[in-house]
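Just below is one structure, and these are the notes that go with it.
The values are calculated or read from the model by the stated rules, or taken from the named source; none is laboratory data. Since the structure is predicted, the reported quantities are computational estimates derived from the model, not experimental observations. Reconstructed Cβ throughout: ideal geometry from the backbone, glycine too, with neighbour counts over all protein chains shown.
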Amino acid sequence: MRDNSSQRSFAPLLILLGLAIVINYVDRGNLSIAAPVIKNELQLSATQLGILFSAFFYTYTALQFVIGGIVDRWGANRVLSAGLLIWSAATVAMGFAGGFIALLALRLLLGIGESVAFPCTSKVIAQNVPPENRGLANGVVTAGLKLGPAIGAFGAGMLIAKYGWRPVFWGMGILSLLWLPAWWRWKPREQAVENEGSSAIGHLQIFAQPSFWGCAAGHFSFNYLSYFFLTWLPLYLSHERHLSQQELARYAGAYYLVDSASALATGWLCDRWIQRGARASLVRKAASAGGAVTAAVAMIACAFAETGSYYPWLLLAGVGSGAAGCGVFLFAQTIAGPRAVGQWSALQNGIGNFAGLIMPTLTGFLVDRSGHYFSAFALAAAISVAGAVVWAVGVRFAPVNWQQSGEQRSNA
């Protein structure tokens, strides 16, 4: 176990990892916030806007099946730095875009750059944070992906209204680049993995692990829940609950903040229980499964609730979502270990992000067909409960012996 001074020295690095994810989610969401202005200025159709929204996920999701091996071979320090440089440059360049084709190319480039974020953060945490302290570390990362949309909605939204969308894209891209000098000041020393050989872990070795498919299914479930609220919550509050634009911003922003705070608190509490002797497997699984069930129950209650009583249930769903997300990459870090965590977490993230491709369209279909949001809420809740079952019984929370696994494959 690391001493307290070692843990304190990791604090600036952990803050930078969380900040990288905040920047990641602000930059990927800028187009949505600026969409009404861009649509009018560049005379884009709704279909063209839809293509631009989806284009990010084309490269982002596809590269998850490649980037993990690059992270494991080249190290998280360089790959994360290169990725942030690419996605910041793409954000700046979008401010100069003159039409649909330019925006499409830059959204594809943005997806390439941002594809490195979670494999790199998982690699850094697995190499530098002992297992009993990874709850808070992953809570910081999860909080970052929840804070990003809140900051984008409040900050970028107001700035676009005042200064226009192009200066905001320029400014946010340039500000993002300020992260790089701080990262090179506090970046961790790359660590060699000992006693397990030097060969890379391939896709087939990871796919042969039953726990990988449990982690991937649980990740899909969490992403479906998370993306549901990230993409549809504002429209739900506007159309179903009839909130004004100002009320909508406050209510949605408060939800994202509760979600973020829950991730931090859950990670910290789980670490404390484990350090006091609780069984790590039980604590981590209880947090993920319990959070998913809490979110599901609260969503159903929210959908049924009257106008004056729905919001507390919505905030409780945020509490559950934050708790459920805290362990998504933590399981990969523990099971895959430092040697294979980049590859494992990237593949897991790739499968999990199919939720981002499926959920928005399916939710829109359900809302159009029924005229309200209950069926969409019910489906998201059912998928969340399924995820809870997977985390509880479908994942073995123990490190893989990759050397033994390789020998078994050689003898087969």
Test set (1) surrounded by fewer than 20 Cβ atoms within 10 Å (Cβ to Cβ); (2) over 26 Å from Asn401 (Cα atoms); (3) without any contact (Cβ under 8 Å) to a residue 24 or more places away in the chain - Leu237 fails condition number: (1)
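The rows are residues; the columns are (1) crowded, with 19+ Cβ neighbours inside 10 Å; (2) not acidic (Asp, Glu).
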{"position": "Asn24", "(1), (2)": "yes, yes"}
{"position": "Leu31", "(1), (2)": "yes, yes"}
{"position": "Ile38", "(1), (2)": "yes, yes"}
{"position": "Glu41", "(1), (2)": "no, no"}
{"position": "Gln48", "(1), (2)": "no, yes"}
Just wondering, is there one or more residues in the stretch 34-53 that are among the β-branched types (Val, Ile, Thr) and in contact with a Ser or Thr (Cβ under 9 Å, 6 or more places away or on another chain)? no
Can you name the residue in the stretch 1-40 that is closer than 21 Å to Gly155 by Cα and among the hydroxyl-bearing types (Ser, Thr, Tyr) and is also modelled with the lowest pLDDT among such residues? Ser32
Any hit, the stretch 355-365, residues being at pLDDT below 90 and of a type in the set (Ser, Thr, Tyr): yes
Matching option when the condition is touching a residue at least 60 places away in the same chain (Cβ under 8 Å), part of a helix (DSSP H, G or I) and farther than 30 Å from Val79 by Cβ, among Ala323, Ala336, Ala317, Ala298: Ala317
In the stretch 164-179, residues that are surrounded by fewer than 18 Cβ atoms within 10 Å (Cβ to Cβ) and at pLDDT 90 or above total 8
Would you kindly identify the helices (runs of 4 or more DSSP H) lying entirely within the stretch 48-144 that contain at least 3 residues that are free of Cβ contacts under 8 Å to residues at least 60 places away in the same chain? 76-94, 100-114
Surrounded by fewer than 16 Cβ atoms within 10 Å (Cβ to Cβ) and either closer than 27 Å to Ala265 by Cβ or at pLDDT below 85 (or both), is that true of Ala161? yes
Looking at the structure I just gave you, is Ala278 among the small types (Gly, Ala, Ser) and assigned to a helix (DSSP H, G or I)? no
Kindly indicate the residue of the stretch 171-186 that is within 23 Å of the chain's Cα centre (by Cα) and among the small types (Gly, Ala, Ser) and also nearest to Ala20 (Cα to Cα) among those meeting that condition. Ser176
